[in-house]
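Structure in structure tokens, see below.
Computed from the coordinates by the stated procedures, all read-outs in this text should not be read as laboratory data. For clarity, every value in this text was computed on a predicted model and none was experimentally measured. Using ideal geometry, Cβ is built from the backbone for each residue, glycine included, and neighbour counts are taken over all protein chains shown.
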Amino acid sequence: MRDDNALRVFLNVALFPGMHVERSQEKFVKLLAFEGSQLVHLAIELSNSNAADGLYEALMDVISPAPNQLFPRVKSQMSF
């Protein structure tokens, strides 16, 4: 959701343990999330790579890995 005249975007999805989050390209963070009961792919473009790194780190700090997920912070090249 975009907040008019505030230059902010709100991530209005539930975060859950083990959800897929990845850094992609220079300024993108990609993730899989649920909207209702449907799984959706989200690609979030940020203003620079430092902002993308910050968002990725913040998401990973909040999301604990799923029990069967051995390497939750691996930066893959998953395409959407």
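I'd like the Kirkwood hydrodynamic radius of the stretch 2-62, using the inverse of the mean 1/r over distinct C-alpha pairs, in Å.
Its Kirkwood hydrodynamic radius stands at 12.3 Å.
Based only on other Cβ atoms within 10 Å, what is the fewest-to-most ordering of VAL21, VAL13?
VAL13, VAL21
Quick check on the exposure proxy: order ARG23, ARG8 from fewest to most C-beta atoms within 10 angstrom.
Numbers: ARG23 20, ARG8 9.
Going from least to most buried by this count: ARG8, ARG23.
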